[in-house]
Amino acid sequence: MDEKIRSIVIVGGGTAGWMAASYLWKALAGSVKITLVEARSIPKIGVGEATVPNLQPVFFDFLGIPEEEWMRKCNGSFKGAVKFVNWRKTPQGGKSHFYHPFGIVPNCDGAPLTHYWVKNHLEGRTTEPVDYSCFKELPLLDRNLAPRGASGDRAYRYAWHFDAHLVAEYLRELAVGWGVNHIFDDIDHVIRSDDGGIAAVSTRASGRLEADLFIDCSGFRGLLINKALAEPFVDMSDHLFCDSAVAMALGGGDQSRDGIEPYTSSIAMRHGWTWKIPMMGKIGTGYVYASRFTSQDEATGDFLKLWGLKEKTAPALNHIRFRVGRNRRAWVKNCVSIGLSSCFLEPLESTGIYFIYAAIHQLVKHFPDRNFNPVLIDAFNRNIETMFDDSRDFIQAHFLSTERDDTTFWRANKHELKQSDNIKHKLAMYDAGLPVNMPHTDEDTYYNAFEVEFDNYWTNGSYYAILAGMGRIPKHVLPRLRHREDSLQKAEALFANVTKRTNELVTKLPSNYELLKSIHRR
Ligand code: FDA
């Protein structure tokens, strides 16, 4: 008997819903009837999102969409790093900020250059911070230079900023054009099947929608997975304290004066941090804070003060309360949750959209038939769990390692966060000067790979950029470095090469603003 999945209903038309609809249509070659239902009355999240670099190869290339095409439709801009501002008490090397770039740390005889930097630093032979020593792109970021030259060759690795609402609209047009069935309606009721799964969803105007497989992209509501199937949400607010945000879009941007910054900024505040996401003609910004340490009014006051605004003259403010954690199981019976209905943590490293495409890719990899083999479901759930928990730990490492201790929020982050064995182990490795998370391939191949390794996604370069950037320097030199005088000399040549390469690029690259202007005009 043919047990193939014949129909899929996706609930929710935010970024998650439309990414899932378009990707599944392509992956299943249009062989399955896909219906997406979204309520006009329930707004979707879209605050000006920042992403991570493999979105083009793993998602847009898969759909056959060139980078500049979707960038034009979605107000895309470039992001070469996250710049952390005010996360340190003592400026390092005279700088009050540090970067987490997407660039690749050169390797020297089997050890990343960061380890040679630690040796130089501990022996008092460098005062340059780790990021400026080991990544070639930082002076380029400081000057707001584009990640690509006029001829299109990439100068540094980058991701994108965009407007998530526009991404959802763009993908909707494409997917509907391909054959995805789209309904604007409110789901008011979920009908369970005899085996405990979902038989249908009942809508206000369009009646009952039946399917073999349901995808819950209903956002924080978790309409199918949490409300109908009662799958518990594992709250992780003891691992990460931030649970609220106040966001707004600033018009104009600073492109005419300074150029558009080719990075996301994360500015530490009294009870959290503020993102700044520059796009053409606007800046998306929001203060992510912990409601147990500050009130909405106080947070809003601090946020407006940062931007020199008064409540009366400020743009519309969007207050968002979010849940931190993940579903115990992302996939239950015939229902798979993707996006905010599945898991969420504060966007300090722009993980939301990465979690979405990772889940969609895993769903295709473990695509079921109507028997819903539990082995497939378990494998999917294990991957999502690892992906989320490892990222949660990486984000937590930022808060554990910052020098800031000026408010109860920052002190509690140092002393009261619940830590997993995974992060304890990784931080112990780091403090001992050992590599944390070495990718199995070189980082360039790794970032473009379909098969991301979820327990290893945040590379050694990421851990060193963040932790050393925060002022947490390993206490020991990687012991084997002391045995190879020739490697130490090679490393010095590599440090010099980082500077040489930067100097060459500084003279060649257009400004980020010029490149974006030419892309958006075309
Ligand atoms: P979303 O809430 O957008 O959509 C839910 C959909 O379900 C809507 O279409 C709604 O109408 C529908 N729906 C709900 N109930 C329904 C019902 N009863 N009937 C019919 N339809 C119903 N990510 C990132 O990668 N980088 C970043 O910088 C950020 N920044 C960020 C900041 C903040 C404060 C938040 C909260 C989130 C982010 N994110 C992020 C996450 C990112 O915004 C998010 O992952 C995507 O927009 C996807 O959202 P969803 O589609 O899951 O839900």
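The values are calculated or read from the model by the stated rules, or taken from the named source; none is laboratory data. Because the structure is predicted, anything quoted here is derived from the model rather than measured. Every residue, glycine among them, receives a Cβ derived from its backbone with ideal geometry; neighbour counts consider all protein chains shown. Areas reflect the complete protein model, heavy atoms only, side chains present, ligands, DNA and RNA absent. Shrake-Rupley method; radii C 1.70, N 1.55, O 1.52, S 1.80 Å.
The table that follows gives values for the structure above.
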read-out	value
Accessible area in the full protein assembly, largest first, 1.4 Å probe, for His366, His121, His483	His483, His121, His366
Charge context of Arg204, other residues only, Cβ under 12 angstrom, K/R +1, D/E -1	-1
Neighbourhood net charge (15 Å Cβ-Cβ; Lys/Arg +1, Asp/Glu -1) for Thr126	-1
Antiparallel DSSP beta bridges within the chain, as percent of all bridges there, nearest 5	75 percent
Mean residue ellipticity (222 nm) of the chain, computed from DSSP H runs ≥ 4 via -39,500 (n - 2.57), nearest 500	-10500 deg cm²/dmol
The chain: radius of gyration and largest Cα-Cα distance (Dmax), Å	23.3, 75
Assigned charges on the beta-carbon of Lys, Arg, Asp, Glu; region 1-133 dipole about Cα centre (debye)	440 debye
Formal net charge of residues neighbouring Val167 (Cβ-Cβ distance under 9 Å; K, R +1; D, E -1)	-2
Loop GluC sites (Glu not before Pro), region 350-427 (other Cβ atoms within 10 Å of the site Cβ: 11 or fewer; DSSP)	Glu416
For the chain, with +1 on Lys and Arg beta carbons and -1 on Asp and Glu, the positive-most of Val506, Ala230, Asn383 along the dipole	Val506
Euclidean distance of C-alpha centroids, region 38-58 and region 73-124, integer Å	27 Å
Pairwise Lys count, region 472-522 - Cα closer than 29 Å, eight or more residues apart or different chains	6
Positive-end residue, the chain charge dipole about Cα centroid, Cβ charges, pick of Leu171, Trp458, Ala150	Ala150
Kirkwood hydrodynamic radius (C-alpha pairs) into Stokes-Einstein, region 157-221, 4 °C and 1.567 mPa s, D in µm²/s	90 µm²/s
Unit charges on C-beta of K, R, D, E only; dipole of the chain, Debye	900 debye
Solvent-accessible heavy-atom area per residue, rounded to whole Å², over region 327-433 at 1.4 Å	34 Å²
5 Å binning of all Cα-Cα separations within region 209-361, expressed as whole percents from 0 upward	2, 9, 16, 17, 16, 14, 11, 8, 4, 2, 0
Separation between Cα centres of region 351-376 and region 150-194, rounded to whole Å	17 Å
For region 330-401, size of Cβ-based charge dipole, Lys and Arg +1, Asp and Glu -1, in debye	320 debye
Rg/Rh for region 253-332, where both radii come from Cα atoms and Rh is the Kirkwood radius	1.06
Förster-model FRET efficiency, 22 Å R0, Glu485 and Asp431, C-beta, rounded to 0.05	0.25
Loop trypsin sites (Lys or Arg not before Pro), region 28-63 (other Cβ atoms within 10 Å of the site Cβ: 12 or fewer; DSSP)	Arg40
For Arg148, distant residues with modelled amide H under 5 Å away	Ala155
